[in-house]
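Shown next, in structure tokens, is the structure this report addresses.
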Amino acid sequence: MECLTDETSNKLTVFRGKSHLTLLHVSGTTLSKVTILDSFYAQYRVQSGAVPRLRDDMDSPPERLLQAIWQHQRLLRERLQTLDGRPVRVLHPGFHNLEGGPDFRSAVVQLGDDSPKTGDVEVDLRANGWHVHGHDRNPAFANVLLHVIWEGENLVAGAPPLMLLRPVLDAPLGELSLWLGGEAAQGFPEELRGRCCAPLRRLSNPKLVDLLHQAAAVRLRSKGAQFQARARQVGWEQSLWEGLFRALGYKHNVWPMQRLAELRAVWNHAPGEFDTRQLLLQARLLGLSGLLPAELPRGSSGTNSYLRQVWDQWWREQDALADKILPRAVWRLHGIRPANHPHRRLALAAAWSDGASLAGKIQAWCSRELADAHLAASLLETLEVEQDPFWSWHWTLQSAAFKNPMPLLGETRLTDIAINVVLPWLWIRVAEGKNEKMQQQIEHRYFTWPAAQDNSVLRLARQRLLGGASPRLLPGAAAQQGLLQLVRDFCDHSNSVCDACKLPPLVAEFSKAEFSSALAERQAVAPL
Ligand code: SF4
């Protein structure tokens, strides 16, 4: 990897193989003084408090500002060094991670004479944040290669190398805080866009959607093939249950949920009336998951009374099933949203398992004549479960009761289940049965399914590949799936500087190709 500085344009270019990344380079000397508060508007936005102006002697600037400074490299880049004196060359600052884990993923950093390494960067106010925030005990931080802090003097044993921000800012803190309030800091730096971004943006919208739908079709087939392979081992119905459980575990608890689905024969049969059966199924799933609290709390709240009922059921079977109980450590509960907590997801699984065959209901849904506008509502009707006296009112075993009941299956999960489980499973089943008409029908549903809720992976993909395009550019769930497939096929096999990535030449070829009429025809098949 080589670095070149262009003094006339103040840009630093990093070369790696045939790839390069250009970042704004600011030298230690001030180029020219820019007055930021030079108009009524400029002064008003600060005086009104809309944009905070921080004092330069401030001890604790907001971490968000420090992250923006790192992301946009508002630093004297040639003066960076670790606290123990090794020069730091930032060849790529990484991608801002808005979920749990380190602040920046896939940064490329060279420390001293070491060769450049790809890893994560964590930004904190102080060095002791490493221990205080529990990063030292969190495996998600195992790949952090640089701990960037505002100030501090002490090296922390067992922590990654430290780098101080305060002495290497490229402008006074007050000026940087005003910049943070502006658009430049909020956006995704243009320099971090992928090499495919320009060619993708040159495609007309129908052509871009065609490309994304072709990638989505690959995804549909490969998910279908996965179901088929599993069905050969365990049968079609069980493969569906495993898919549904994995979708309920999205995204951090996929594997424990898969294991509970594999244990279905152990917990699935429950005698008695509906309420008794439900409680028994819930108790078995909660017990087998290892997520039941070991001790019953005191008091007589609704939660405690429900827990008592669950324990009354579970203690009778606990010993017989002891070798199948999952260790609590396989679950990731830290930092997940309450709506995604496995407690409530297990209650939904218990409700699905009771009564008529879910696979049969899904196949009946597939055969129904449905208008495009009613696809999601009709599947929701099929998968929706009755109100539960406890779980319709609680996110978790410990959480306070809602004021009003909430459905156990929401629209976000429904789209995920439709796109990743129901439609691929149905598609491969009818493909095996050589029912081409029905196969086209399922593809039609896949390509017309409404867009899923935006998420951080899609946001980053839109920024990197599509130059920050609005979510509206992706007209449905299939276009979103196609974008995710591009990330899987290309970004995941390259690096932050798009080394040797084959997507740009693919887009160049694709832009010359004819519109994919075969796929478009399949998408346009009228409902049965
Ligand atoms: S790695 Fe490839 S697909 Fe990903 S942003 Fe870079 S050029 Fe685009």
_With the structure loaded, tell me whether Arg232 is within 25 Å of Val457 (Cβ to Cβ) and of a type in the set (D, E, K, R) or whether it fails that test._
no
_Within segment 256-361, considering only helices (runs of 4 or more DSSP H) that don't extend past its boundaries, which have at least 2 residues that are surrounded by 12 or more Cβ atoms within 10 Å (Cβ to Cβ) and under 27 Å from the mean Cα position of the chain (by Cα)?_
274-289, 342-353
*Any idea which of (1) closer than 23 Å to Gly468 by Cβ; (2) assigned to a strand (DSSP E or B); (3) touching a residue at least 40 places away in the same chain (Cβ under 8 Å) is the one Glu99 doesn't satisfy?*
(2)
_Residue that is in a helix (DSSP H, G or I) and of a type in the set (S, T, N, Q), where the choices are Gln441, Gln398, Gln387_ = Gln441
*Could you say which residue among Glu443, Glu432 is more than 16 Å from the ligand (Cβ to nearest atom), modelled with pLDDT of 90 or more, in contact with a Leu (Cβ under 8 Å, 6 or more places away or on another chain) and under 18 Å from Phe227 (Cβ atoms)?*
Glu443
*Determine which single condition Asn495 fails, assuming it passes every other condition in (1) at positive phi; (2) within 11 Å of the ligand (Cβ to nearest atom).*
(1)
*Here are some conditions: (1) more than 16 Å from the ligand (Cβ to nearest atom); (2) in a helix (DSSP H, G or I); (3) charged (D, E, K, R). Arg201 meets all but one. Which one does it not meet?*
(1)
_Quick check on my filter: what residues within segment 459-479 are without any contact (Cβ under 8 Å) to a residue 60 or more places away in the chain, more than 14 Å from the ligand (Cβ to nearest atom) and surrounded by 19 or more Cβ atoms within 10 Å (Cβ to Cβ)?_
Gly476
_Yes/no for Arg284 being modelled with pLDDT of 95 or more and charged (D, E, K, R)_ = yes
*Only residues in segment 424-446 that are under 20 Å from Ser239 (Cα atoms) count as the first member; pair them with residues that are crowded, with 23+ Cβ neighbours inside 10 Å and β-branched (Val, Ile, Thr), Cβ under 6 angstrom, at least 6 apart or cross-chain, and list the lot.*
Leu426/Ile442; Trp427/Ile442
*For segment 145-152, state whether one or more residues are surrounded by fewer than 22 Cβ atoms within 10 Å (Cβ to Cβ) and under 21 Å from Cys498 (Cα atoms).*
yes
*Does Leu296 fit the bill of being in contact (Cβ under 8 Å) with a residue 24 or more places away in the chain, over 21 Å from Gly410 (Cβ atoms) and among the hydrophobic types (A, V, I, L, M, F, W, C)?*
no
*Please enumerate the residues belonging to segment 364-380 that are surrounded by fewer than 16 Cβ atoms within 10 Å (Cβ to Cβ) and either more than 24 Å from Tyr446 (Cα to Cα) or not aliphatic (A, V, I, L, M) (or both).*
Ser367, Arg368, Glu369, Asp372, His374, Ser378
*Pairs with Cβ under 8 Å, 6+ apart, first in segment 487-507 and in contact (Cβ under 8 Å) with a residue 40 or more places away in the chain, second more than 8 Å from the ligand (Cβ to nearest atom) and assigned to a loop (DSSP other than H, G, I, E, B)*: Ser496/Gly94; Asp499/Gly17; Ala500/Gly17; Ala500/Lys18; Val507/Leu203
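Answer with yes or no whether Asp120 is among the acidic types (Asp, Glu) and assigned to a loop (DSSP other than H, G, I, E, B).
Numbers: among the acidic types (Asp, Glu): yes; assigned to a loop (DSSP other than H, G, I, E, B): no.
No.
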*Residue check, Leu98 against (1) at pLDDT below 90; (2) in contact with a helix residue (DSSP H, G or I) (Cβ under 6 Å, 6 or more places away or on another chain); (3) surrounded by 15 or more Cβ atoms within 10 Å (Cβ to Cβ), all met but one. Which one?*
(3)
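Mind checking which residues of segment 200-227 are of a type outside the set (A, V, I, L, M, F, W, C) and surrounded by 18 or more Cβ atoms within 10 Å (Cβ to Cβ)?
Within segment 200-227, Asp210, His213, Arg219, Lys223, Gly224 meet the criteria.
The values are calculated or read from the model by the stated rules, or taken from the named source; none is laboratory data. Predicted model, so just to flag it, every value in this text is computed and none were measured. All Cβ positions, glycine included, derive from the backbone under ideal geometry; neighbour counts span all protein chains shown.
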